[in-house]
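The values are calculated or read from the model by the stated rules, or taken from the named source; none is laboratory data. As the structure is a computational prediction, the values presented were derived from the model and not from experiment. Virtual Cβ from ideal backbone geometry, glycine too; neighbours counted across all protein chains shown. Accessible surface areas use protein heavy atoms only, side chains included; no ligands, DNA or RNA. Shrake-Rupley method; radii C 1.70, N 1.55, O 1.52, S 1.80 Å.
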Amino acid sequence: MATIYTTKSALKIDGIVSEQLELPSITSSATNCFKVHMQMVECLATCAVTLGTTEIPLRPFDLILIQQVDQLIFKATDQPVEIRIFDEWLQIPNPLNMMLVGDNPLIRDLMNAVDSQQNQYIVFRHLETKIVHEYLNIIATIENYSPDKFLTFQRENLLGLLYTELSRKHHQKVSKTDSFFPPRPYSSCWTRCTSRSDFHVFDSTHQ
């Protein structure tokens, strides 16, 4: 569901908690699929957002992909706050396939994040090509129609294409200093980047 907010004052939005729902198999195989709760925040005008104790400046078309956060507090800067929020339950196979998320450990790890009480989100910048923005426009348009299996299929695939576009040149798009990556039990590359060595580990792991 897409919602646009415009205000000159501070704006508080409820976040989401990390959730997965297992679904019956959609094929003859024994592998089940599952739904993952995700929140996407698209900035449409310059503002600042606070997630936990971290304040992040946002420019038009910046995107935050959220797997878990308590709340978001938006603050106007030189113009009113204008944001668009998508609250999504994305149905995906288990394990994730290449068609949905491509060869993208960023998205794959976010969707497969282990249970945790900490915030988990990725901030994407440099999206001025507006490809992601236009995908979001189409997804929002689909919501104007009564759902059926064909529209659901199109919507799920549009989300997959959106994630694929976020993967393209992701070294330029992912804000490592602003993101709070999901914990991984067997790797330290997703811990919050606070030093030059952390950047090296992150980049070498996600080529």
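Tabulated results
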read-out	value
Within region 166-175, tally of residues that are more than 12 Å from residue 65 (Cβ to Cβ) and part of a helix (DSSP H, G or I)	2
Region 74-90, subset closer than 16 Å to residue 17 by Cα and in contact with an Asp or Glu (Cβ under 9 Å, 6 or more places away or on another chain), residue modelled with the lowest pLDDT	90
Unique residue being within 15 Å of residue 122 (Cα to Cα) and either in a strand (DSSP E or B) or open to solvent by 30 Å² or more (accessible area, probe 1.4 Å) (or both) when the list is 56, 73	56
